[in-house]
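The values are calculated or read from the model by the stated rules, or taken from the named source; none is laboratory data. Everything numeric in this text was worked out from a predicted model, so none of it was measured. FYI the Cβ positions are ideal-geometry reconstructions off the backbone, even for glycines, and counts take in every protein chain you see. Only protein heavy atoms, including side chains, enter the accessible area calculation; ligands, DNA and RNA are left aside. Shrake-Rupley method; radii C 1.70, N 1.55, O 1.52, S 1.80 Å.
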Amino acid sequence: MGTETNTEEYGANQIQILEGLEAVRKRPGMYIGSTSARGLHHLVYEIVDNSVDEALAGACSHIRVNIHPDNSITVVDDGRGIPVGINEKAGKPAVEVVFTVLHAGGKFGGGGYKVSGGLHGVGASVVNALSDYLEVQVFHEGKVYQQRYERGNAKYALKVVGDCDPDRTGTQVTFMADRSIFETLNYDFDTLKQRLRETAFLTKGLRITLTDERVEPWKERSFHYEGGIREFVQYLNKGKTPLYDDIIDCEGEKDGVLVEIAMQHNDGYNESTYSFVNNIITPEGGTHMTGFRNALTKTFNDYGRAQKLLKDSEENLTGDDIREGLTAIISIKIGEPQFEGQTKQKLGNSEARGAVESLLTESLTVYLEQHPQIGKLIIEKSVMAQRARAAARKARDLTRRKSALDGLSLPGKLADCTDKNRENCEIFIVEGDSAGGSAKTARARATQAILPLRGKILNVEKARLDRILGNAEIRAMITAFGTGIHEDFDIEKLRYNRIIIMTDADVDGAHIATLLLTFFYRFMPELIKQGHVYLATPPLYKLEKNKKVWYAYSDEELNNILAEVGRDQNNKIQRYKGLGEMDAEQLWETTMDPARRILKRVSMDDDDESSVDVTFTTLMGDQVEPRREFIEENAARVRNLDV
Ligand code: TSJ
């Protein structure tokens, strides 16, 4: 798909000249967001995006990205090659202007490159400015042209360094990020892989190959999707059950906005819609998303009414109802995107709303006329969502009213603590009634509350809101914590400083902990973000010998203890299969006593909300040394809770 809308010949003169590169080295963050790993990876995207533009112009079919052993990067494409002719304004070859003049490349000048990539719309000169060195080679009309720059400055004039097959055209760039600027030079293969796969989905027909030369044997992944974003939707719905086989799509142009949409419902309850502007993801959406939602809501309501799938007496479906279980990609290309909002990430162009809305309405209406079975399935699912939403509202009103009554409505199973200063208070969420009983006996009444949970914990990823809020265990937690959920959440109302999940030290226990964390993460993420959530660590073994007792929290620790005390018949080793096997005193001294226990604090990376890490916090008095080893060796990570 081409994005050139003007017919002007691109030439060496079309590149505008703005300002020098010193500014970039002085304030790198202004140009690439940060100098952390994230900024480092942006360098690669900035370069690759230029080759993608060439592919969008229909002139490039393969991009290779190589991570060399020293963390330098090569990007090579089979496009036309950056023009080597003299740019009259600058009196230098265009390729040199691209690398040495900020904002060069026509991104801001109109003409030339119409669609620009790159988070901040900057480009090659920024990468050059932030690189220890950068070398470019252009393959053009049987010649290989080359220039080298160091910290942004040309080391020699562009020169011909050899011949090549006249059929070989393209651009090759190798750069080494400047280690005096970046916090790290270590590229993450998976991060690059993910982004390049996304780019390949968005640019149908383009092949992108990523090679990691830092490992033996080299690691290589190649992405090429003839189906473009249709295949993207298929990929996102993999492992889910689609509601219908087809992928619904729409492609067109209106008012200078190119629009591509692909979508398919699955039988789940979550929406996964991703929108892109000029191949850059827009997590905060904007006018293109608004147009998409408007079209979807209006078209399905009109269709449902016309087909009598919605009764006259029934309310309209909301957008949320229709988008339940929807996976969709909205990709638009626009000449001069305007971004708004605090982070300047929200598309503001009003013509984008109109273009998406009218193109989608039109093609969706035709599609539904031709596929009435699919239309019916979607309307039926939306009506179910509508009913569930009504039920959820009732359930939610109930949780609101209850939490308003404070202490009075605390769950019956809760053994609350007596201290009214919440800084001192903690609540143990305990798996099972018997362990709950021991914990109630063992606890420090003043500051430790116990909430035993019975039976299986609901997986909130797999249930609708009405069922979740109807679940007794979940309601008990919501009322006990006092904070409310979602938009009602108020950290000021939190009744405990620490929420401690205490489950058996086995697979089932870990599963229950994961389900609980999933619930917190989806309903009260601030609890995790602000560090209020912990995991208790019960021991795996008890060793008794000559009236002395040791507890081991891992096999290794047990071995260490045995090595110390000697392996003989006087050893009495007990393996704990669950918390229930410990009596109250044992539970206290191993797992609950603030002076002796280990707590793992659950934390969340602010940058990446999709991951929750469990890190370890030692909240204990003596016995620091042996425990610390354990902690360091067992720094487990709970990734991607939504599995
Ligand atoms: F930006 C960059 F310099 F970093 C870079 C640009 C890096 C890489 C790896 C590739 C490219 C690039 C640029 N690949 N292909 C192009 N194409 C052009 O610059 C080009 C060539 C010919 C014409 C034409 O109208 O004849 C137009 C353009 C934009």
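Just the residues that are of a type in the set (Asp, Glu) and at pLDDT below 95, please, taken from region 332-363.
Step one: of region 332-363, the residues of a type in the set (Asp, Glu) are 336, 340, 351, 357, 362.
Within region 332-363, Glu336, Glu340 meet the criteria.
Inspect region 251-272 for any residue being farther than 26 Å from Phe339 by Cβ, of a type in the set (Lys, Arg) and at pLDDT 95 or above and give the result as yes or no.
No, region 251-272 has no match at all.
Answer yes if at least one residue in region 304-316 is surrounded by 21 or more Cβ atoms within 10 Å (Cβ to Cβ) and within 30 Å of Gly335 (Cα to Cα), and no otherwise.
As a first pass, look at region 304-316 and keep what is surrounded by 21 or more Cβ atoms within 10 Å (Cβ to Cβ): 304, 310.
Adding the requirement that they be within 30 Å of Gly335 (Cα to Cα) leaves none.
Checking region 304-316: not a single residue is surrounded by 21 or more Cβ atoms within 10 Å (Cβ to Cβ) and within 30 Å of Gly335 (Cα to Cα).
Suppose we filter region 356-396 for residues that are among the β-branched types (Val, Ile, Thr) and touching a strand residue (DSSP E or B) at 6+ places or on another chain (Cβ under 9 Å); how many remain? Don't jump to the end; show me each part of the working.
Residues of region 356-396 among the β-branched types (Val, Ile, Thr): 356, 361, 365-366, 374, 378-379, 383.
Pick out the ones that are also touching a strand residue (DSSP E or B) at 6+ places or on another chain (Cβ under 9 Å) and you get 356, 374, 378.
Qualifying residue count, region 356-396: 3.
For Thr343, are the conditions met, namely being assigned to a loop (DSSP other than H, G, I, E, B) and in contact (Cβ under 8 Å) with a residue 40 or more places away in the chain? Walk me through it before giving the result.
Numbers: assigned to a loop (DSSP other than H, G, I, E, B): yes; in contact (Cβ under 8 Å) with a residue 40 or more places away in the chain: yes.
Yes; evaluated as a whole, the condition is true for this residue.
Filter region 66-106 down to the residues that are open to solvent by less than 30 Å² (accessible area, probe 1.4 Å), assigned to a strand (DSSP E or B) and out of contact with any Leu (no Cβ under 9 Å at 6 or more places or on another chain), then identify the one that is farthest from the ligand (Cβ to nearest atom).
Residue satisfying both the conditions and the ranking: Asn87.
Just a yes or no: is a residue in region 204-222 assigned to a loop (DSSP other than H, G, I, E, B), open to solvent by less than 20 Å² (accessible area, probe 1.4 Å) and not aromatic (Phe, Trp, Tyr)?
yes
Does Glu183 qualify as being surrounded by fewer than 14 Cβ atoms within 10 Å (Cβ to Cβ), of a type in the set (D, E, K, R) and free of Cβ contacts under 8 Å to residues at least 40 places away in the same chain? It would help to see each step written out before you state the result.
Working: surrounded by fewer than 14 Cβ atoms within 10 Å (Cβ to Cβ): yes; of a type in the set (D, E, K, R): yes; free of Cβ contacts under 8 Å to residues at least 40 places away in the same chain: no.
It is false that Glu183 is surrounded by fewer than 14 Cβ atoms within 10 Å (Cβ to Cβ), of a type in the set (D, E, K, R) and free of Cβ contacts under 8 Å to residues at least 40 places away in the same chain.
Can you run down the residue pairs with Cβ atoms below 6 Å, 6 or more apart or on separate chains, where the first is in region 383-395 and without any contact (Cβ under 8 Å) to a residue 40 or more places away in the chain and in a helix (DSSP H, G or I) and the partner is of a type in the set (Val, Ile, Thr) and open to solvent by 100 Å² or more (accessible area, probe 1.4 Å)?
Listed by first residue and then by second, the contacts come to nothing, as the list is empty.
Residues of region 445-475 being among the aliphatic types (A, V, I, L, M) and under 18 Å from Asp397 (Cβ atoms), which ones?
Hits for region 445-475 are Leu465, Ile468, Leu469, Ala472, Ile474.
For region 5-57, how many residues are modelled with pLDDT of 85 or more, among the charged types (D, E, K, R) and in contact with a strand residue (DSSP E or B) (Cβ under 8 Å, 6 or more places away or on another chain)? Please lay out each step first, then the result.
Pass one, region 5-57, residues modelled with pLDDT of 85 or more: 21-57.
Filter again for among the charged types (D, E, K, R), leaving 22, 25-27, 38, 46, 49, 53-54.
If we keep only those that are in contact with a strand residue (DSSP E or B) (Cβ under 8 Å, 6 or more places away or on another chain) too, we end up with 54.
The number of residues fulfilling the criteria is 1.
Within the set of pairs 6+ apart or on separate chains, which have a first residue in region 56-71 that is at positive phi and in contact (Cβ under 8 Å) with a residue 40 or more places away in the chain, a second that is small (Gly, Ala, Ser) and surrounded by fewer than 17 Cβ atoms within 10 Å (Cβ to Cβ), and C-beta atoms under 8 Å apart?
Gly58/Gly2
Tell me yes or no: at least one residue of region 218-241 is basic (Lys, Arg), more than 18 Å from Asp53 (Cβ to Cβ) and at pLDDT below 95. I'd like the intermediate steps shown before the answer.
Of the residues in region 218-241, the ones basic (Lys, Arg) are 219, 221, 230, 238, 240.
Those left that are additionally more than 18 Å from Asp53 (Cβ to Cβ): 219, 221, 230, 238, 240.
Keeping just the survivors that are at pLDDT below 95 gives 238, 240.
Scanning region 218-241 turns up at least one residue that is basic (Lys, Arg), more than 18 Å from Asp53 (Cβ to Cβ) and at pLDDT below 95.
Would region 108-115 turn up any residue that is within 14 Å of the ligand (Cβ to nearest atom), at pLDDT 95 or above and under 20 Å from His42 (Cβ atoms)?
Scanning region 108-115 turns up no residue that is within 14 Å of the ligand (Cβ to nearest atom), at pLDDT 95 or above and under 20 Å from His42 (Cβ atoms).
For Arg27, only one of the following conditions fails: (1) at negative phi; (2) touching a residue at least 60 places away in the same chain (Cβ under 8 Å); (3) away from the ligand (no atom under 11 Å from the Cβ); (4) open to solvent by 30 Å² or more (accessible area, probe 1.4 Å). What is its number?
(2)
So which residues in region 125-148 are in contact (Cβ under 8 Å) with a residue 40 or more places away in the chain and either part of a helix (DSSP H, G or I) or among the polar types (S, T, N, Q) (or both)?
Filtering region 125-148 down to residues in contact (Cβ under 8 Å) with a residue 40 or more places away in the chain leaves 125-136, 138-140, 145, 147.
Those that are in contact (Cβ under 8 Å) with a residue 40 or more places away in the chain and either part of a helix (DSSP H, G or I) or among the polar types (S, T, N, Q) (or both): Ser125, Val126, Val127, Asn128, Ala129, Ser131, Gln147.
Of the residues Ile63, Ile47, which single one is assigned to a helix (DSSP H, G or I) and within 11 Å of the ligand (Cβ to nearest atom)? Lay out the reasoning, then the answer.
Details: Ile63 fails: assigned to a helix (DSSP H, G or I).
Exactly one residue qualifies, and that residue is Ile47.
Can you find, within region 30-44, the residue that is farthest from the ligand (Cβ to nearest atom) among those that are closer than 23 Å to Ile82 by Cβ and either touching a Ser or Thr at 6+ places or on another chain (Cβ under 9 Å) or not in a helix (DSSP H, G or I) (or both)? Please lay out each step first, then the result.
The first filter runs over region 30-44 and keeps only residues closer than 23 Å to Ile82 by Cβ, leaving 31-32, 41-44.
Subset that is either touching a Ser or Thr at 6+ places or on another chain (Cβ under 9 Å) or not in a helix (DSSP H, G or I) (or both): 41-43.
Working: His41: 16, His42: 13, Leu43: 10 Å.
By that ranking, first place goes to His41.
How about region 453-546: which strands (runs of 3 or more DSSP E) wholly inside it have at least 2 residues that are open to solvent by 10 Å² or more (accessible area, probe 1.4 Å) and without any contact (Cβ under 8 Å) to a residue 60 or more places away in the chain? Before you say what the answer is, go through the steps one by one.
Numbers: elements: 498-502, 533-536, 541-545.
Qualifying strands (runs of 3 or more DSSP E): 541-545.
So, in region 186-200, how many residues would count as being open to solvent by 60 Å² or more (accessible area, probe 1.4 Å) and either free of Cβ contacts under 8 Å to residues at least 12 places away in the same chain or more than 26 Å from Pro28 (Cβ to Cβ) (or both)? Quick ask: steps written out before the conclusion?
In the first step, residues of region 186-200 are kept if they are open to solvent by 60 Å² or more (accessible area, probe 1.4 Å); the result is 186, 188, 190, 194.
Of the ones still in play, those that are also either free of Cβ contacts under 8 Å to residues at least 12 places away in the same chain or more than 26 Å from Pro28 (Cβ to Cβ) (or both) are 190, 194.
Qualifying residue count for the region: 2.
For region 151-177, name all the residues that are open to solvent by 90 Å² or more (accessible area, probe 1.4 Å) and in contact (Cβ under 8 Å) with a residue 40 or more places away in the chain.
Arg151, Asn153
Across region 365-387, what is the number of residues that are touching a Phe, Trp or Tyr at 6+ places or on another chain (Cβ under 8 Å) and among the hydrophobic types (A, V, I, L, M, F, W, C)?
Total meeting the criteria: 6.
For region 410-438, enumerate the residues that are small (Gly, Ala, Ser) and within 19 Å of Ala472 (Cβ to Cβ).
Filtering region 410-438 down to residues small (Gly, Ala, Ser) leaves 412, 415, 432, 434-438.
Matches in region 410-438: Gly412, Ala415, Gly432, Ser434, Ala435, Gly436, Gly437.
Please verify whether Tyr244 is assigned to a loop (DSSP other than H, G, I, E, B), surrounded by fewer than 18 Cβ atoms within 10 Å (Cβ to Cβ) and free of Cβ contacts under 8 Å to residues at least 60 places away in the same chain, treating the condition exactly as stated. Walk me through how you get there before you give the answer.
On the way: assigned to a loop (DSSP other than H, G, I, E, B): yes; surrounded by fewer than 18 Cβ atoms within 10 Å (Cβ to Cβ): yes; free of Cβ contacts under 8 Å to residues at least 60 places away in the same chain: no.
The answer is no for Tyr244.
At pLDDT 90 or above and part of a strand (DSSP E or B): does that describe Tyr551?
Values: at pLDDT 90 or above: yes; part of a strand (DSSP E or B): yes.
Yes, satisfied.
Among the residues of region 329-342 satisfying the criterion of being hydrophobic (A, V, I, L, M, F, W, C) and in contact with a helix residue (DSSP H, G or I) (Cβ under 7 Å, 6 or more places away or on another chain), which is farthest from Gln234 (Cα to Cα)? Give the steps one after another, and end with the answer.
Step one: of region 329-342, the residues hydrophobic (A, V, I, L, M, F, W, C) are 329-330, 332, 334, 339.
Restricting the remaining residues to those that are in contact with a helix residue (DSSP H, G or I) (Cβ under 7 Å, 6 or more places away or on another chain) gives 329-330, 332, 334.
Numbers: Ile329: 11, Ile330: 14, Ile332: 19, Ile334: 25 Å.
By that ranking, first place goes to Ile334.
So, in region 420-446, how many residues would count as being buried (at least 20 other Cβ atoms within 10 Å of the Cβ) and either β-branched (Val, Ile, Thr) or touching a His at 6+ places or on another chain (Cβ under 6 Å) (or both)?
Number satisfying all stated conditions: 3.
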